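Everything on this sheet refers to the single structure shown next.
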Amino acid sequence: MKTIFAILIAVLGLSIPSVAQSGGKTSGKAAKGISTAEVKVYGNCGMCERRIEAALSELPGVNSAEWDSATDMLTVQFDKKKANLQQIKEKVASVGHDTDDVRAKDEVYDKLHGCCKYERPAPMKVN
Ligand SMILES: [Cu+2]
């Protein structure tokens, strides 16, 4: 009986540090999850740039957003746990800027400043 007790203590003593170690590994993963993406966002000028970047600065999880009026490309850095590309596209569409698969509402586009009225991409087919 004494030997069984001794074995039990030995097993328990060994298992406790290994549990603590695996717990440490899991928390170490939490620092990752930042993603950088390039998205085509239709627009024209510096006003569009400020509008697009200001809209994204309000979106939780977005760390940085840079839109280039020469290439129409948005470079966005975001936390994958708090935001995703669909939300980012919907946010820029909500202030009047089309992306290839999320389109701004016509009434929002119509209210854009005259110099911002970019040439819209062809509407996608509705399935
Ligand atoms: Cu503009």
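Listed by Cβ neighbour count within 10 Å, with the fewest neighbours leading, Asp98, Asp79 appear as Asp79, Asp98.
5 Å is the cut-off here: which amide hydrogens, built 1.01 Å from N in the peptide plane, fall below it relative to Asn63, excluding neighbours closer than 5 in sequence? Amide H neighbours of Asn63, under 5 Å, 5+ apart: Gln77, Phe78, Asp79. Between Met73 and Lys40, the simple spin-label model (points 7 angstrom out along Cα→Cβ) gives 1.2 nm. The length gained by stretching the chain between Gln86 and Arg50 to full extension, at 0.36 nm per residue less their Cα-Cα distance, is 10.9 nm.
Just so you know, all these numbers are worked out from the coordinates, no wet-lab data involved. The model shown is predicted, which means the values in this text are computed figures rather than measured ones. In this analysis, Cβ positions are derived from the backbone assuming ideal geometry, glycine residues included, and neighbour counts consider all displayed protein chains.
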